[in-house]
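Working notes, beginning with the structure itself.
The values are calculated or read from the model by the stated rules, or taken from the named source; none is laboratory data. These figures come from a predicted structure and were not determined experimentally. Because the Cβ atoms are built from the backbone with ideal geometry, glycine has one as well, and the counts that use them run over all protein chains shown.
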Amino acid sequence: MKKVFHWIIIILLIAGVVGTFVVLWKRQQPKPVQYEQLRVERGNLEKRTIVTGKVEPRDEVAVKAQIQGIIAELYKEAGQPVRKGEAIATIRVVPEMQALSSAESRLRLAEVSLRNVRHVYERDSVLYAQKVISLEDYDKSELQYAKAIEELQNAQDNLSIVKEGVTAATKESGNTIVRSSISGTILEIPVKVGNSVQSVGAFSEGTTIATVADMSDMLFVGKMDETEVGKLREGMPMDLIIGALNDQRFAATLEYIAPKGTESNGAMMFEIRAAARIPDSIQVRAGYSANAEIVLAARYDVLTLAEAAVHMTADSTYVELLNDSIPDNVTRTLVTTGMSDGIRVEITSGLAEGDLVRGNEITEQPAGMMPGK
């Protein structure tokens, strides 16, 4: 029994040594080189670029105060629709004491003047009826009386404007009622009841009461690098992708390219604007971030080949054409290429549809390594 066990151990040791030598010998043998086989196919090529930007309304208007005062009432809130001419807010005028005193003094003087002129006019009317004074003197007296009445009315209107901002005749259409200048949606109302507001003037931009925009006409606004802006032209189609809407795509048309660029991080950037065609059923908010895909060049129904299979030298472009009848036999074939989209390239001559071309060498990846690493 001991002899059998002894021989078993010897046999196992011999088998281990032989197996080790066999494995080492196989590892030293050259492995056959394998290459990708790429087929010439007919297809479409598009060279695209992506521009980042945002969606904005084409018409956005800041409605400002025309008089100085305090917000008395607000009739609208942000997000609500508004029609052109519809009231948004009412301003209560806070009169200046000097202007108020001057207006009141003017009114008192106008009243005194009217009483005096009326007395003279009534006396001259009696004298003219008795043929004591001439028609010319009577007409002068009547003219002075009419002027005094008009001056009193002007003084009353001036006092009303100083105190309330409007006259009795213009109360409904005066500057104290802030009205929308366009129809659309209210984007923002930055004031509250009780806030002081400044009027638009030579030295003041005026307080913005509301921002109104037409949300049915939206624009994509972005900036493009100088290296690609020269490839654009007005009227080019593009796909608009809005991330806030689950990356929905909308058609857009380029309609503006800035003639002057601005420097940003050492690069010259040019603003572009495109009209977006967004259905009425989809609500888009001003300021949504968006990406625009622009087709810079396109070739349709042409022969294409993976760009990795095309080799270039100083004076020629060629591929390694596989011979179907002889395995691993290739022929260097000159080709002419056209447009490339970065992955596939157009073949204009030298190959036919269905030809097989040798690509890159197939290498084994170490275990655990992801493809492309």
Self-check item: Pairs with Cβ under 7 Å, 6+ apart, first in region 222-249 and within 25 Å of Asn265 (Cα to Cα), second of a type in the set (Ser, Thr, Tyr) and surrounded by 13 or more Cβ atoms within 10 Å (Cβ to Cβ)
Solution: Glu228/Thr49
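With β-branched (Val, Ile, Thr), more than 30 Å from Asp239 (Cβ to Cβ), part of a loop (DSSP other than H, G, I, E, B) and in contact with a helix residue (DSSP H, G or I) (Cβ under 7 Å, 6 or more places away or on another chain) as the only criterion, which of Ile133, Ile67 stands out?
Ile133
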Quiz item: Among the residues of region 89-101, is there at least one that is in a strand (DSSP E or B), closer than 28 Å to Ala202 by Cβ and out of contact with any Gly (no Cβ under 8 Å at 6 or more places or on another chain)?
Solution: yes
Quiz prompt | Residues being over 30 Å from Ala275 (Cβ atoms) and surrounded by 17 or more Cβ atoms within 10 Å (Cβ to Cβ) - total across region 49-89 | solution = 8
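Answer with yes or no whether Thr176 is crowded, with 19+ Cβ neighbours inside 10 Å and modelled with pLDDT under 85.
The answer is yes for Thr176.
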Quiz item: Mind checking whether some residue in region 126-134 is in contact (Cβ under 8 Å) with a residue 12 or more places away in the chain and surrounded by fewer than 18 Cβ atoms within 10 Å (Cβ to Cβ)?
Solution: no
Quiz item: Is it fair to say Lys84 is more than 30 Å from Glu228 (Cβ to Cβ) and modelled with pLDDT of 90 or more?
Solution: yes
Self-check item: Selection within region 199-220 - exposed (fewer than 15 other Cβ atoms within 10 Å of the Cβ), at pLDDT below 90 and touching a strand residue (DSSP E or B) at 6+ places or on another chain (Cβ under 9 Å)
Solution: Val200, Glu205, Ser216
